[in-house]
Amino acid sequence: EFFRHRIDAGSVGEGVRYSLTFRSVNWKNRNSTAIVGDSNTGKLAFGSSKQNSFGELMPGQRFWAAKIEDIDPISCCGYNNIVVSCGINNLKLSNVRSREDIERLYSMYKLKMRSIRQLNTRANIFVVPILPTGSPDLNDRALAFNQLIFNDLEQSGLGVAHVAGLDDLLDSNGLLSGRFSRKFYNDGRKDVLHLNPNGVRMFASMIKSCIFSKLKRGAERRKSGPRTLR
C-alpha cells in the first residue's frame, strides 16, 4: 500500500517543522534469506506457493555465483540467513589435479566466508557442501573439499554451519542418483552435475529444514530463559 504524506500549507505556524514517518516491517522478514550459488540453485524459488517455492515464511532472493570468485559478500547484506552453494565449477577445471590445488580453492572460499561474516555479524551463515556428481573423479575432489569445510571452516569461529542431507542424493555407488540428476545437456552430452526437478525439490527441502531447525533451536533457547547456578 502507498500512503500520501504531506503538511498542508498554512497548517503550521512560524518556526521549525518536524515530519515523522513510521514504517513497519512484516514479521516474516525475520527469516529473510539470501541464496548465493551456481546453476543448481537456479531453480530454487522464493514466493508463496507451497508446491514450488520456499513459501511465504521464508522470503528472500537468489544471487548468481558460478564460481567461488563470483561470490559477492556485499549482496548478502540485510538478510538474516545466508546460504552459499558454490565450488564445483572450480573443482572441475583441468588444472585442479592435486590436494594442494583443492586447498588453494578452499582458501579462496574461506576468505569469502570471512568477508560475509565481517559484513553480516548477526546473520546465520549456512554453506552447502559440494553436491555429489555422476563422476567418480569429481566426487573425489568434492569429498576432499567438503572435508575442509567440516574440519576447518566449521571450527574456525566464523559461526558457519553446513546444510546436511546430501547423502540422500546418492545411489548405491556413491554417485548422484539418476532419480535426482538431469540426464543430458541440450547438445546431447551426458550431464553429471545438474539436478532434475526431483533433485531440486530435495535440495530445497534440505536448505529449508536446516534454516528452520536453527530458528527452532534459537526460539527454544529464548523460551527457556537464562540459566542459573541453582
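The values are calculated or read from the model by the stated rules, or taken from the named source; none is laboratory data. Keep in mind the model is a prediction, meaning the values are calculated, not measured. Here Cβ is always computed from backbone atoms with ideal geometry, including for glycine, and neighbour counts include all displayed protein chains. Side chains included, ligands, DNA and RNA excluded: accessible areas come from the protein's heavy atoms. Shrake-Rupley method; radii C 1.70, N 1.55, O 1.52, S 1.80 Å.
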What number of residues in the range 144-155 are touching a residue at least 12 places away in the same chain (Cβ under 8 Å), out of contact with any Lys or Arg (no Cβ under 7 Å at 6 or more places or on another chain) and either surrounded by fewer than 13 Cβ atoms within 10 Å (Cβ to Cβ) or not β-branched (Val, Ile, Thr) (or both)? 5
Considering the range 72-89 alone, what residues qualify as being more than 18 Å from residue 111 (Cβ to Cβ) and either hydroxyl-bearing (Ser, Thr, Tyr) or without any contact (Cβ under 8 Å) to a residue 24 or more places away in the chain (or both)? 79
Whichever residue in the range 45-81 is at pLDDT 95 or above, assigned to a loop (DSSP other than H, G, I, E, B) and farther than 18 Å from residue 160 by Cβ and, among such residues, is least open to solvent (accessible area, probe 1.4 Å): 66
